[in-house]
1. Out of the residues in region A:69-82 that are in contact with a Lys or Arg (Cβ under 9 Å, 6 or more places away or on another chain) and part of a strand (DSSP E or B), which is nearest to the other protein chains (Cβ to nearest Cβ)?
2. Among (1) more than 9 Å from chain B (Cβ to nearest Cβ); (2) under 24 Å from residue B:152 (Cβ atoms); (3) open to solvent by less than 40 Å² (accessible area, probe 1.4 Å), which single condition is residue A:108 missing?
3. Scan (1) assigned to a strand (DSSP E or B); (2) touching a residue at least 24 places away in the same chain (Cβ under 8 Å) for the single condition residue B:383 breaks and write down its number.
4. Scan region B:19-41 and give yes if some residue there is surrounded by fewer than 21 Cβ atoms within 10 Å (Cβ to Cβ), hydrophobic (A, V, I, L, M, F, W, C) and more than 23 Å from residue B:96 (Cα to Cα), otherwise no.
5. Under 6 Å between Cβ atoms, at least 6 apart or on separate chains: pull out the pairs that start in region A:6-35 with a residue that is of a type in the set (Phe, Trp, Tyr) and end on any residue that is buried (at least 17 other Cβ atoms within 10 Å of the Cβ).
6. Scan region B:183-203 and report the pairs whose first residue is within 11 Å of another protein chain (Cβ to nearest Cβ) and whose second residue is of a type in the set (S, T, N, Q) and open to solvent by 20 Å² or more (accessible area, probe 1.4 Å), with Cβ atoms within less than 6 Å and a gap of 6+ or a chain change.
7. Report, by residue number, each residue of region A:36-51 that is within 14 Å of another protein chain (Cβ to nearest Cβ) and open to solvent by 60 Å² or more (accessible area, probe 1.4 Å).
8. Does region B:301-318 contain any residue that is part of a loop (DSSP other than H, G, I, E, B) and surrounded by fewer than 20 Cβ atoms within 10 Å (Cβ to Cβ)?
Amino acid sequence: MSLREYTCVVCPNGCPLTITCSDDDPPRVESVEGHLCPRGIRWARQEVEAPQRTIASSVLVRGGEIPLASVRTDRPIPLEKIPEVMQAIHKLVLSAPLALGDVVLQGAGGTECSIIVTRAVGAATRNEEGVA
Amino acid sequence: MNVEERDLVIIGGGPAGLAAAVSAWEAGCRDILLVERDRVLGGILNQCIHDGFGLHTFKEALSGPEYAARYIEKLRRTGVEVREQTMVLRLGKDRTLQLASRGSYRTIRARGVLLAMGCRERPRGAISIPGTRPSGVFTAGAAQHLMNLENIMVGNRVCILGSGDIGLIMARRMTLEGASVAGVFEILPYSSGLPRNIQQCLNDYDIPLHLGTTVQKIHGSRRLEGVTVAQVGPDRCPVEGSERYVPCDTLLLSVGLIPENELSRDASIFLDPRTNGPLVNSRFMTRVPGIFACGNVLHVHDLVDYVSQEAEEAGRCAAAWIDSSESCGEDSLPVLPGEGVRYTLPQKVSSSRDTVLSLRVTAPCRNRSVVVRSSGGKIIARKSLVRLHPAEMIRIPLEAKGLSGISQLEVALG
């Protein structure tokens with residue numbers, strides 16, 4: 001058994017939670033204290049037993065009006081998968097033009113997620129290519 | 001020289017300018033010019049590639065560029081004229097503007113002007129850290145721009161001074177790009193970032209947050225070699241004997257934002273020393289008739305959703321004023337911050353108009369109420385909150401009907 005302290009991030013109340021966890025791997029939530037509503041318990045379970053995150057980065061673009069396109073995972077991924085997903089993103093090189101929402105990689109890093117473009121990148125005019 | 005006549009000129013094409021332009025158009029204003037000094041619209045959102053924007057407005061966690069795109073798309077469906085790569089050099093209190101862009105310089109006289117210039121970061125000079133002046137010291141937002149937009153990695157071993165959200169976001173960003181972040185140092189006894197960012201940007205990557213600690217000295221000749229950090233006492237001065245040396249090649253500063261009001265000062269607009277932004281009434285009009293302000297140039301916001309909401313209201317008010325020259329100067333009820341409240345906005349309200357008061361508290365606390373009282377002590381509004389934090393803006397609606405016969409309001413912790 002171990003005690004963990006978290007600040008609940010579900011709503012602006014920001015309840016200070018004290019969570020008792022089992023010693024399993026991954027740990028299981030035994031009890032939660034400090035929450036004002038049931039959402040705090042659900043959040044604590046998720047956060048301790050299977051934390052999920054959305055990850056964003058920027059990727060090189062060839063022939064674009066700007067050198068990088070911003071991208072993110074289209075859904076939250078398991079926290080422990082972040083290194084693999086980032087590795088997959090780092091290998092990407094895209095070609096302009098790119099539209100917002102374009103899927104540039106599916107099943108990144110062995111997860112279910114897709115990597116999507118979050119900013120449209122037009123093709124470079126002759127002038128801008130000179131700069132890049 | 002030719003003087004161009006316009007109904008409404010909006011200065012700045014970030015989240016505030018975009019939302020204000022759309023709402024002014026929807027309110028019936030048909031001659032709007034939006035001026036943006038960057039190549040593209042969107043402002044700071046373009047470099048904020050992380051998610052979490054739009055939870056209130058769109059009920060989705062969007063990245064910054066996606067949030068901007070939603071408003072740019074709305075703007076494209078209006079007849080608002082946009083001039084990018086154009087900078088307003090001067091604004092007069094008679095609402096004349098001097099605009100410069102490549103190969104052109106023009107003068108515009110506007111019936112209404114809306115200020116939406118945003119804010120900028122406090123630099124090293126504002127906090128006077130002793131030491132040498134090597135390269136490798138960046139504001140967190142400058143590093144974010146270089147990494148996310150210019151493809152320039154700013155360093156490998158990083159210390160961060162200040163625990164504002166941009167600093168926390170950059171701690172994660174640099175870690176994901178292969179840098180090692182030695183720690184985040186915060187002079188206050190509490191963090192000024194959102195709990196979500198403490199968890200997801202620091203704890204997830206085992207980056208330590210050192211509260212009550214500051215950077216005392218910067219070392220290095222050409223490139224930064226390290227910083228001396230020290231704990232501070234209750235007076236915020238370093239405690240002797242607590243100094244330690246942390247080797248690093250990069251120091252990011254996340255030590256606060258300042259509304260960008262050079263143009264406002266030019267136009268003799270009165271600034272509130274508490275917000276560092278213009279003093280406005282409930283219609284977001286400054287003390288200069290026909291000049292309105294909204295977004296981070298008015299006061300620094302915590303969430304972009306609130307910037308958009310405020311700007312939509314300001315845009316509507318500007319359109320109404322241009323349309324009817326509706327008098328905006330009659331708001332007579334001063335709103336003063338009392339015990340535990342750092343500032344309130346707008347600084348004057350009217351008994352003929354519903355208003356949403358924005359405010360911030362001076363220190364973190366729990367289970368307190370924010371109370372709005374008349375000078376006679378009558379309670380006009382009250383909001384009970386579980387968590388109150390200086391980093392988070394609080395909003396309280398005020399109904400006009402409760403304000404008749406009152407000469408002044410005070411907002412304090414109850």
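1. Here the residue is A:70.
2. Going through (1) more than 9 Å from chain B (Cβ to nearest Cβ); (2) under 24 Å from residue B:152 (Cβ atoms); (3) open to solvent by less than 40 Å² (accessible area, probe 1.4 Å) one by one, residue A:108 breaks only (2).
3. (2)
4. yes
5. A:6/A:17
6. The qualifying pairs are B:195/A:7.
7. Passing the criteria: A:36, A:39, A:46.
8. Looking through region B:301-318, at least one residue is part of a loop (DSSP other than H, G, I, E, B) and surrounded by fewer than 20 Cβ atoms within 10 Å (Cβ to Cβ).
The values are calculated or read from the model by the stated rules, or taken from the named source; none is laboratory data. Keep in mind the model is a prediction, meaning the values are calculated, not measured. Virtual Cβ from ideal backbone geometry, glycine too; neighbours counted across all protein chains shown. Ligands, DNA and RNA are stripped out before the accessible areas are found, and what is left, the full protein with its side chains, is counted by its heavy atoms. Shrake-Rupley method; radii C 1.70, N 1.55, O 1.52, S 1.80 Å.
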